[in-house]
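Enquirer: Right, I'll just put the structure down here and ask away after.
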Amino acid sequence: MDSIYYDKQFNKMSEDNQGQVWEVFVQAKPGLAHKHVGNIQAMGKEMALQNARDMYVRRKEGISIWVVKLEDIVASSPEEIGSFFDPMDDKAYRQATYYKMPEGAKHI
Amino acid sequence: MSTLGEATMTGQELFDYKIENDLKIEPKDWMPEDYRKHLQRQMSQHAHSEVIGMQPEGNWILRAPSLRAKVILLAKVQDEAGHGQYLYSAAETLGKTRDEFINELQTGKAKYSSIFNYPTLTWADMGAVGWLVDGAAIVNQVSLQRTSYGPYSRAMVKICKEESFHQRQGYEIMAQMANGTPEQKEMAQDALNRFWWPSIMMFGPHDGDSPRTGNAMKWKIKRETNDDLRQQFIDKTVAQAEVIGLTIPDPDLKWNEERGHYDFGKMDWDEFWNVVNGNGPCNKQRLQHHIDAHKNGSWVRKAANAYAEKNG
């Protein structure tokens, strides 16, 4: 378990800083999932939402925005790519193509 | 070849494999320290250029010749601020904070594009900046969409989508003035004369004199060399100047049938380095303005932080 980026050192040294990093997710159209588009810096939730709007949906890119504090996101790490994402190809019975359908059966 | 991500591959091997196969490097992937440093320098310089680049154009917002021109210029300057943000965000994924990047800019440790150290003297300069400066930036940025670092590449894709309006609005101003009164045409020509050489020098030194190009090409941070990008820009801009009846201020400029490109004259690298090293007409003014604006905003940041502390 780890933060998204190489090194988490976004915490402020003084009270005069650029705020926190918030990751931004935009839903382009009704029915689609929210998709990560980038991040912004802001002090607090309200400003985060406003900044995300100003930065990422100036040209009709979406109809809904989520913002999440970077430090609240947990990410897998590249070293795990092998074991963590093993598709377990030996369990072929989890694929639809594994099953034999009777001759003549349609729409299944 | 072992498959991607197998435990038998070292960080270096995996990195080399990805570069070789045009796969993107992502923030948490292992990368050589020099690759990280190169990107931090290049990306922050790119971000600083977007931000400092607001000043020469901001200079004309209150003096725009029509309401239409004013709202366009406002929107363009707002875009540049957004582009700076995209780039800082991408650069931060390499492990440096925005406060650190800003500090490096203000203490002169980091550079920004030298073109913004020239003054914008007339309204025609708004045309020249959009047409030539943004035009040169687009050529560079289109190429960088294929850069090997994922966050940088994605920022470039986003920026390129917005940038073409910038160049077109500049060219429209130039076309209008070139077809206006003799005085207006002279102003347009004068702006072209002043911005042409600094614009083609935006691509940086000749490949042979650019010590960092080798690594940047090897790591696919850069996909085309300075000289190749410069040639692309010149080739397409010459015809655009002809269409609006302006003359590119280079007596050596001529079509080379054999190469299939325009030949062009010698650039003044002494001037280029002089401006890079802080002695251009506006270096001090640009940096001081950034520092002042930053200082003046200090109480706002403090208040906003205090508010966020209380209300989340």
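The values are calculated or read from the model by the stated rules, or taken from the named source; none is laboratory data. Please read these numbers as outputs of a predicted model, since none were measured by experiment. When we count neighbours, we look across all protein chains shown, and the Cβ atoms used for this are built from the backbone with ideal geometry, even at glycine.
Enquirer: Considering each of B:Gly260, B:Gly245 in turn, give the residue that is under 21 Å from B:Phe195 (Cα atoms), away from chain A (no Cβ under 14 Å) and either of a type in the set (Ser, Thr, Tyr) or loosely packed, with under 14 Cβ neighbours inside 10 Å (or both). Spell out the reasoning first.
Expert: On the way: B:Gly260 fails: under 21 Å from B:Phe195 (Cα atoms).
Selected residue: B:Gly245, the only one of B:Gly260, B:Gly245 that is under 21 Å from B:Phe195 (Cα atoms), away from chain A (no Cβ under 14 Å) and either of a type in the set (Ser, Thr, Tyr) or loosely packed, with under 14 Cβ neighbours inside 10 Å (or both).
Enquirer: With the requirement that a residue be at the interface with another protein chain (Cβ under 8 Å from one of its Cβ atoms) and surrounded by fewer than 17 Cβ atoms within 10 Å (Cβ to Cβ), what does the range B:147-160 give you?
Expert: Of everything in the range B:147-160, nothing turns out to be at the interface with another protein chain (Cβ under 8 Å from one of its Cβ atoms) and surrounded by fewer than 17 Cβ atoms within 10 Å (Cβ to Cβ).
Enquirer: Of the residues that make up the range A:65-75, is at least one at pLDDT 85 or above, out of contact with any helix residue (DSSP H, G or I) (no Cβ under 7 Å at 6 or more places or on another chain), at the interface with chain B (Cβ under 9 Å from one of its Cβ atoms) and not in a helix (DSSP H, G or I)?
Expert: yes
Enquirer: Check B:Glu26, B:Glu57 and return the single one that is within 14 Å of another protein chain (Cβ to nearest Cβ), under 26 Å from B:Ala81 (Cα atoms) and touching a residue at least 12 places away in the same chain (Cβ under 8 Å).
Expert: Unique residue meeting the criteria: B:Glu26.
Enquirer: Would you be able to tell me the number of residues in the range B:13-23 that are surrounded by 14 or more Cβ atoms within 10 Å (Cβ to Cβ) and more than 10 Å from chain A (Cβ to nearest Cβ)?
Expert: Summing the residues that are surrounded by 14 or more Cβ atoms within 10 Å (Cβ to Cβ) and more than 10 Å from chain A (Cβ to nearest Cβ) in the range B:13-23 gives 6.
Enquirer: Residue by residue through the range B:218-254, note down the ones that are in a helix (DSSP H, G or I), touching a strand residue (DSSP E or B) at 6+ places or on another chain (Cβ under 9 Å) and within 30 Å of B:Pro32 (Cα to Cα).
Expert: Listed by number, the list is empty, since nothing qualifies.
Enquirer: How many of the residues in the range A:31-47 are within 19 Å of A:Glu61 (Cα to Cα) and facing another protein chain (nearest Cβ under 9 Å)?
Expert: Start the filter on the range A:31-47 by keeping residues that are within 19 Å of A:Glu61 (Cα to Cα), which leaves A:31-40.
Of the ones still in play, those that are also facing another protein chain (nearest Cβ under 9 Å) are A:37-40.
Residues in the range A:31-47 being within 19 Å of A:Glu61 (Cα to Cα) and facing another protein chain (nearest Cβ under 9 Å): 4 in total.
Enquirer: Exactly one of these conditions fails for B:Thr10: (1) within 12 Å of chain A (Cβ to nearest Cβ); (2) touching a helix residue (DSSP H, G or I) at 6+ places or on another chain (Cβ under 9 Å); (3) at pLDDT below 95. Give me its number.
Expert: Tallying (1) within 12 Å of chain A (Cβ to nearest Cβ); (2) touching a helix residue (DSSP H, G or I) at 6+ places or on another chain (Cβ under 9 Å); (3) at pLDDT below 95, B:Thr10 fails exactly one: (2).
Matching residues to (1) more than 22 Å from B:Leu87 (Cα to Cα); (2) at pLDDT 95 or above; (3) of a type in the set (A, V, I, L, M, F, W, C):
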position: A:Asn11; (1), (2), (3): no, no, no
position: A:Ser77; (1), (2), (3): yes, no, no
position: A:Met88; (1), (2), (3): yes, no, yes
position: A:Gln95; (1), (2), (3): yes, no, no
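Enquirer: Now for a separate question. Mind listing just one residue for me: the one in the range A:48-64 that is exposed (fewer than 14 other Cβ atoms within 10 Å of the Cβ) and assigned to a loop (DSSP other than H, G, I, E, B) and, of those, farthest from the other protein chains (Cβ to nearest Cβ)?
Expert: Out of the qualifying residues, it is A:Ile63.
Enquirer: Being without any contact (Cβ under 8 Å) to a residue 60 or more places away in the chain and facing another protein chain (nearest Cβ under 8 Å) is the filter; apply it to the range B:97-116 and report the residue that is surrounded by the fewest Cβ atoms within 10 Å (Cβ to Cβ).
Expert: Only one residue tops the list, namely B:Asp99.
Enquirer: Does B:Ala69 satisfy the criteria of being more than 14 Å from chain A (Cβ to nearest Cβ), part of a helix (DSSP H, G or I), farther than 19 Å from B:Arg286 by Cβ and aliphatic (A, V, I, L, M)?
Expert: So B:Ala69 passes the test.
Enquirer: Right, next: Being among the aliphatic types (A, V, I, L, M), away from chain A (no Cβ under 12 Å), under 16 Å from B:Arg286 (Cβ atoms) and surrounded by fewer than 16 Cβ atoms within 10 Å (Cβ to Cβ) is true for just one of B:Leu74, B:Leu121. Which residue is that?
Expert: Only one candidate qualifies: B:Leu121.
Enquirer: For the range B:8-34, how many residues are among the polar types (S, T, N, Q) and closer than 15 Å to B:Thr147 by Cα? Break it down into steps so the answer makes sense when it comes.
Expert: Taking the range B:8-34 first, the residues among the polar types (S, T, N, Q) are B:8, B:10, B:12, B:21.
Subsequent filtering for residues that are closer than 15 Å to B:Thr147 by Cα retains B:21.
Looking only at that region, the number is 1.
The rows are residues; the columns are (1) closer than 16 Å to B:Asp134 by Cβ; (2) surrounded by 19 or more Cβ atoms within 10 Å (Cβ to Cβ); (3) in contact with a Ser or Thr (Cβ under 6 Å, 6 or more places away or on another chain).
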residue	(1), (2), (3)
B:Ser199	yes, yes, no
B:Phe203	yes, yes, no
B:Asp207	no, no, yes
B:Met217	no, no, no
B:Ile221	no, yes, yes
B:Arg230	yes, yes, no
B:Gln240	yes, no, no
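Enquirer: Now for a separate question. For the range B:263-312, how many residues are surrounded by fewer than 15 Cβ atoms within 10 Å (Cβ to Cβ) and either within 14 Å of another protein chain (Cβ to nearest Cβ) or basic (Lys, Arg) (or both)?
Expert: 17
Enquirer: Is it true that B:Gln40 is more than 22 Å from A:Ser76 (Cβ to Cβ), within 10 Å of chain A (Cβ to nearest Cβ) and crowded, with 18+ Cβ neighbours inside 10 Å?
Expert: Judged against the criteria, B:Gln40 is not a match.
Enquirer: On to the next question. So B:Gly84 clears everything in (1) at pLDDT 95 or above; (2) surrounded by 22 or more Cβ atoms within 10 Å (Cβ to Cβ); (3) within 11 Å of chain A (Cβ to nearest Cβ) except one condition, right? Which one?
Expert: With respect to (1) at pLDDT 95 or above; (2) surrounded by 22 or more Cβ atoms within 10 Å (Cβ to Cβ); (3) within 11 Å of chain A (Cβ to nearest Cβ), B:Gly84 is out only on (2).
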